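One structure is given below, encoded as structure tokens.
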Amino acid sequence: MTGNEELARRFEEHRGHLNAVAYRMLGSLAEAEDAVQETWFKLSRTDTDDIQNLGGWLTTVTGRVCLDMLRSRTARREEPMGDTQETVRAYVPDPVLRPLSHIDPAEEVLQADSVGLALLVVLENLTPDERLTFVLHDMFAVPFDEIAPIVERNPAATRQLASRARRRVRGATPSAEPDLGRQKQVLDAFLAASRAGDFEALLAVLHPDVLLRADSGALVRGAAASKLVQGAKAVAEQALMFAPFTQAAELVLVNGSVGMVNAIEGRVQSVMGVTIVDGRITDMYILADPERLERLEVPGPAV
């Protein structure tokens, strides 16, 4: 085995971990793959004799690559583009899908879908530096003195970044229902009420202040269709409006929680994740962006 082949083998041992880091940083599966590939390019051009901890080196380099991507993304969003801000607020991260039968309590915590959509949405509201510090320290236990050079701060200031991010995350992520069986009961009830056109039954499974994020991408037939809808009545009305399209919907695991995939004639139309608290849906995350749906790996007969 050549030196390059050995280096590639060692890199592949860390790829799953790096994908998990990048996905949490970016909320995009495609961008996460790009970031990890860029990390490989940097490694292949680096003298590795001085790298004592390859895993730590790769993690911090991936973090730096993702930080640059986040800063570029933030700059683009700040440019005046009509309804750009509304689209950003309705943004739904790329979901990771698995069959509902795929329930393994012993799964590694670094699996990409161990982070919920609710947390990824909250992370979108952090500054790039806050997000990197929170992800690397709180999720992957990278010491502050290793993160500080990436965000160009001293360790004490970096610690403050993480503390600020932590407060924002805790304040915006409710304690959701952890039991998959109870999650399924609520989603079954939602689907049944939607398909039957039962408005009152829909209201019964929706929290009064439920928030629906519908991300249809930047343009649909030349017009932005992404939107936010809040309140049980308004969300129930939306559910009834699209009830005919849910007849073929199937329950799946969306980032480790019960959600659903809606497909018509083998073509995925949307993916929905939810947050459930005390038996009611408090948040709904619908991805209906055709371009991003095309890239998803969808399990089961929905594909």
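Assorted remarks:
- Estimated 222 nm signal from helices in the chain, with DSSP H stretches of n ≥ 4 weighted -39500 (n - 2.57), rounded to 500: -15500 deg cm²/dmol
- Accessible area (Å², per residue) of the stretch 156-302, counting only protein heavy atoms and a probe of 1.4 Å: 50 Å²
- Just so you know, the Cα atoms of the stretch 256-303 work out to an Rg and Dmax of 11.8, 35 Å.
- Relative to the 2.2 N^0.38 Å rule of thumb, the chain has a C-alpha radius of gyration ratio of 1.06.
- Accessible area of the stretch 157-280 belonging to carbon and sulfur atoms, whole % at 1.4 Å probe: 51 percent
- The C-alpha atoms of the chain define a longest principal axis, and helix 54-77 lies at about 50 degrees to it.
- The spread of Cα positions in the stretch 135-253, taken along each principal axis and listed from longest to shortest, comes to 58, 41, 25 Å.
- Crossing angle, helix 155-172 versus the chain [Cα axis fit, 0-90 degrees, rounded to tens]: 10 degrees
- Over all distinct Cα-Cα pairs of the stretch 224-303, the Kirkwood formula returns a hydrodynamic radius of 13.5 Å.
- Computed on the chain, with alpha-carbon pairs under 8 angstrom and 6+ residues apart, the relative contact order is 19 percent.
The values are calculated or read from the model by the stated rules, or taken from the named source; none is laboratory data. Quick caveat, the model's predicted, so the values are computed rather than measured. With ligands, DNA and RNA removed, areas are computed over all heavy atoms of the protein, side chains included. Shrake-Rupley method; radii C 1.70, N 1.55, O 1.52, S 1.80 Å.
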